[in-house]
Structure formats: C-alpha cells, structure tokens
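Following: one structure in structure tokens, then a few remarks.
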Amino acid sequence: GAVVSQHPSRVICKSGTSVKIECRSLDFQATTMFWYRQFPKKSLMLMATSNEGSKATYEQGVEKDKFLINHASLTLSTLTVTSAHPEDSSFYICSARDVAGGTGELFFGEGSRLTVL
Amino acid sequence: QKEVEQNSGPLSVPEGAIASLNCTYSDRVSQSFFWYRQYSGKSPELIMSIYSNGDKEDGRFTAQLNKASQYVSLLIRDSQPSDSATYLCAVFQAGTALIFGKGTTLSVSS
C-alpha cells in the first residue's frame, strides 16, 4: 500500500512552546490530508482536513489559531501546535488519500506522540 | 450527523476461535467500508476494505457487508494472540472524511 511518513514520532516540549509535525506522502500525491488526535484509550478524533493550496477545514471545537495547518505541496502537510500546554499532550496521526484513489482508503502515518511538560 | 457504531468490548476469545466484530452506520449513501487494526500506541493499519454487498475474504479475515441493514462485520478465523488489538470500523462517502467508529478491543487468550 501507499506510504505516509510522519515526523517526529515523539516530541517532548515545555509548556508555551510550539511544535511542528510533518506528514509526507512518499509514493503518491495527496490533495487532501487529514489530521487526527487520539487520547489514551479513546477513539480517533478528526481535527482538520488539510487541503493543498487552500485553507484547512477544522472540525467543531478545534481551535484553528492553536493548531496551524499548512499544505503547501501535494506531498507535504504540517501541523503546528502553538503555545502548547499539557492538555495538548496526545497522539497526533496524519493520513492521506491517494488523489487517484476514489475508494476512500486512507493511509496513515506512524503517528507523533506529543508530551507537553 | 453521520455515525459509525461499534461495541467497545472488550471481546475475549480463546486462541483458535472465530472472533466476530460488528459495525453499523447511519448514512445510507456510504460507499466504502474499511476495517483498521490499531495496536496500543501505534497508528491504525488497514486490514480489509469492502465496497459491495456480500463477503470478502483475505486469509483469516472475512469482511461482510449488508447495505440494506447498514451493517458491516469482520470475522477473524483461527484467532491468534497477536490479533489482540483495537479494531476500527470506518465508513467513507465521496467528498467527506473517513468516519471512524470508536473501536472494539479484541483480546485473544492463549
């Protein structure tokens, strides 16, 4: 299957700092990427849909000024958690859908575990 | 509101038994259906996809889809301890994001 790479896999930061997470589709082009968040023992929650060349679409309750998403190319989307706080500690997972893949299959990155001290 | 419902479990089966995981969805125009497996601390991995009514088999896994009943299931034959994980049902409709259920935790005991 298609490969989605996410970096970094783990990050620990101090409260108040910003953290950037990268998501790359390695062998296909993705006009749309999705960012999910998962708290321990909870389900995947869609945070936002990242659209190449345009603004991201955020789900209800997700602060767009706190979670900045940039999708500058067909293979790269970034999520920046600004002024991170301990409650932002979570597992962030990106996913992408092949432009040619009309079946809807999503390919997931490995996930990034953020710990805010 | 589109919804995907799964029994959270845990579902416990002995090694070698058949594990049956169920999922219902609310949106009748859903087109594609997926089962993902997620180990603790890892991201989901796709194990089965199904697009039309009936059964689809892949090794020890069989996905079953009944669009009239808005029901999709996953059967795991000859369950192994390594199958212990959370199984996520996901539903797709063109133009939308994939909608996930909350997942069913499967525990296979040796």
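What follows is calculated from the coordinates using simple rules that are stated; it is not laboratory data. Small disclaimer: the values here were computed from a predicted structure and weren't measured. Methodologically, a virtual Cβ is constructed for each residue, glycine included, from the backbone with ideal geometry; neighbour enumeration extends over all protein chains shown.
Placing +1 on each Lys and Arg Cβ and -1 on each Asp and Glu Cβ, with no other charges, gives chain B a dipole about its Cα centre of roughly 200 debye. What the phi angles of segment A:4-16 give under the Karplus curve with 6.51, -1.76 and 1.60, with θ = phi - 60°, is a coupling list of 10, 10, 10, 8, x, 7, 9, 8, 10, 9, 7, 4, x Hz, glycine and proline written as x.
Which translational diffusion coefficient, to the nearest whole µm²/s, is obtained for chain B from the Stokes-Einstein equation, given a Kirkwood hydrodynamic radius over C-alpha pairs, 4 °C and 1.567 mPa s? This corresponds to a translational diffusion coefficient of 93 µm²/s. May I ask you to list the residues of segment A:1-45 whose amide nitrogen lies under 16 Å from a point 7 Å from Cα along the Cα→beta-carbon direction of A:Leu117? Taking a point 7 Å out along Cα→Cβ of A:Leu117, the residues of segment A:1-45 whose backbone N falls under 16 Å are A:10-19. When all alpha carbon pairs of chain A are counted in 5 Å bins from zero, the resulting P(r) reads 2, 13, 23, 25, 20, 10, 4, 1, 0 %. Assuming charge only on the beta carbon of Lys and Arg (+1) and of Asp and Glu (-1), the dipole of segment A:14-117 about its Cα centre is about 280 debye to the nearest 20. Neighbour counting of Cβ atoms within 10 Å sorts the residues A:His71, A:His7, fewest neighbours leading, into A:His7, A:His71. Can you find, among B:Pro14, B:Thr86, B:Ser109, the residue sitting farthest towards the positive end of the charge dipole of chain B, where Lys and Arg contribute +1 and Asp and Glu -1 at Cβ? So the residue we want is B:Thr86. Placing unit charges on each Cβ (+1 for Lys and Arg, -1 for Asp and Glu) gives segment A:1-73 a dipole about its Cα centre, and among A:Met47, A:Val19, A:Val4 the Cα reaching farthest toward its positive end belongs to A:Val19.
Shown here: segment A:1-68, whose C-alpha atoms stretch 35, 26, 26 Å along the first, second and third principal axes, sorted largest to smallest. For B:Cys89, A:Cys13, the sequence from fewest to most other C-beta atoms within 10 Å is A:Cys13, B:Cys89. Residue by residue along B:26-39, Cβ atoms of other protein chains within 10 Å of the local Cβ number 2 on average. Taking the Cα centre of the protein assembly as shown as origin and assigning +1 to Lys and Arg Cβ atoms and -1 to Asp and Glu Cβ atoms, the resulting dipole is close to 440 debye.
Comparing A:Thr17, A:Thr75, A:Thr57 in a Gaussian network model of chain A where C-alpha atoms under 10 Å apart are linked, the largest mean-square fluctuation is found at A:Thr17. Ranked for footprinting exposure by Cβ neighbours inside 10 Å, fewest first, A:Ser9, B:Ser84 give A:Ser9, B:Ser84. Placing a label point 7 Å from the Cα of A:Val3 along the Cα-to-Cβ direction, the residues of segment A:62-86 whose backbone N falls under 20 Å from that point are A:73-78. Pairs exceeding 22 Å between alpha-carbon atoms, taken from B:Lys67/B:Lys102; A:Lys66/B:Lys102; A:Lys42/B:Lys42; A:Lys41/A:Lys64; A:Lys20/A:Lys55: A:Lys66/B:Lys102; A:Lys41/A:Lys64.
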